[in-house]
Amino acid sequence: MSEGVEWALHSCVNLAWSGPDRAVSAARLAAWHGLPAAYLNKQLQALARAGIVTSTPGPRGGFRLARPLEAISLMDVVAAVEGPEEAFRCAEIRQQGPGAGAPAAYTADCAIAHAMTRAELAWRRALAAQNLDEIRQQAERQAPEAPERLRAWLAAR
């Protein structure tokens with residue numbers, strides 16, 4: 001998984017903390033964590049295409065959450081940034097090289113591909129079962145001052 005997923009998840013929580021009435025630019029969100037703005041903007045655009053955030057152009061524009069955090073799962077963000085493709089792709093190497101058998105010997109799915117598919121399904125289900133509001137709550141328990149620090153920093157433009 002790319003670091004863009006982490007950045008996108010933090011950005012969603014930061015947008016929630018900034019409040020629904022404030023659009024925050026990619027540059028400002030990036031600066032909060034010392035990230036490259038152009039790369040974070042790509043992640044935010046992916047979130048916008050997925051309907052997780054909205055984007056308003058112009059000098060007073062920026063990004064806002066498109067829906068409440070409790071309606072955004074971790075899987076929503078991962079799929080927006082990484083795409084819907086499976087993480088493991090079986091190339092059927094068991095059918096290549098000197099160890100390969102006759103094509104008729106491969107009637108069953110590859111045992112490794114089968115195991116990896118089961119693991120990925122469990123991972124996707126776990127991500128889909130957790131929403132960003134749960135993450136926000138945990139973050140606020142760990143750092144209760146974080147939302148106000150962010151709002152004050154954004155207001156000090």
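The values are calculated or read from the model by the stated rules, or taken from the named source; none is laboratory data. It should be emphasised that the depicted structure is a prediction, and the values quoted were computed from it without experimental measurement. FYI the Cβ positions are ideal-geometry reconstructions off the backbone, even for glycines, and counts take in every protein chain you see. Ligands, DNA and RNA are stripped out before the accessible areas are found, and what is left, the full protein with its side chains, is counted by its heavy atoms. Shrake-Rupley method; radii C 1.70, N 1.55, O 1.52, S 1.80 Å.
The GluC sites (Glu not before Pro) found in region 23-104 that occupy coil by DSSP, while having at most 13 further C-beta atoms within 10 Å, are Glu85, Glu86, Glu92. About its Cα centre, the dipole of region 16-157 is roughly 540 debye, where the only charges are +1 on Lys and Arg Cβ and -1 on Asp and Glu Cβ. Farthest toward the positive end of the dipole of the chain, out of Trp123, Ala143, Pro57, is the Cα of Pro57, where the dipole comes from beta carbon charges about the Cα centre. Listed by number, the DSSP H helices of the chain that run 20 Å or longer by alpha-carbon position along their axis and have mean Kyte hydropathy of at least -1.0 are 3-18, 111-129. Can you work out the FRET efficiency for the pair Ala71 and Ala143, with r the C-beta to C-beta distance and R0 = 25 Å, to the nearest 0.05? Once the sixth-power term is evaluated, E becomes 0.60.
Amide H to amide H distances under 5 Å link Ser25 with Phe63, where only residues 5 or more positions off or on other chains count and H is placed in the peptide plane.
(1) 19.8, 57; (2) 20.4, 70; (3) 14.9, 45: which one is Rg and Dmax of the Cα atoms in Å as calculated from this entry? Identified label for the calculated read-out: (2). Per residue, the accessible area of region 26-157 comes to 62 Å² when a 1.4 Å probe rolls over the protein heavy atoms. Close amide-amide hydrogen proximity is noted between Ala87 and no other residue 5 or more places distant or on a separate chain, at a cut-off under 5 Å (H modeled in the peptide plane; Pro and chain starts excluded). Of the peptides 103-112, 127-136, 141-150, the order by per-residue mean of other Cβ atoms within 10 Å, starting with the highest, comes out as 127-136, 141-150, 103-112. Amide H to amide H distances under 5 Å link Ile72 with Leu132, Asp133, where only residues 5 or more positions off or on other chains count and H is placed in the peptide plane. All other residues whose Cβ lies under 13 angstrom from that of Gly4 are scored, Lys and Arg at +1 and Asp and Glu at -1, for a net of -2.
Considering only Ile93, His114, Pro20, and ranking their Cα positions along the charge dipole of the chain that arises from unit charges at the beta-carbon of Lys, Arg, Asp and Glu, the one farthest toward the positive end is Pro20.
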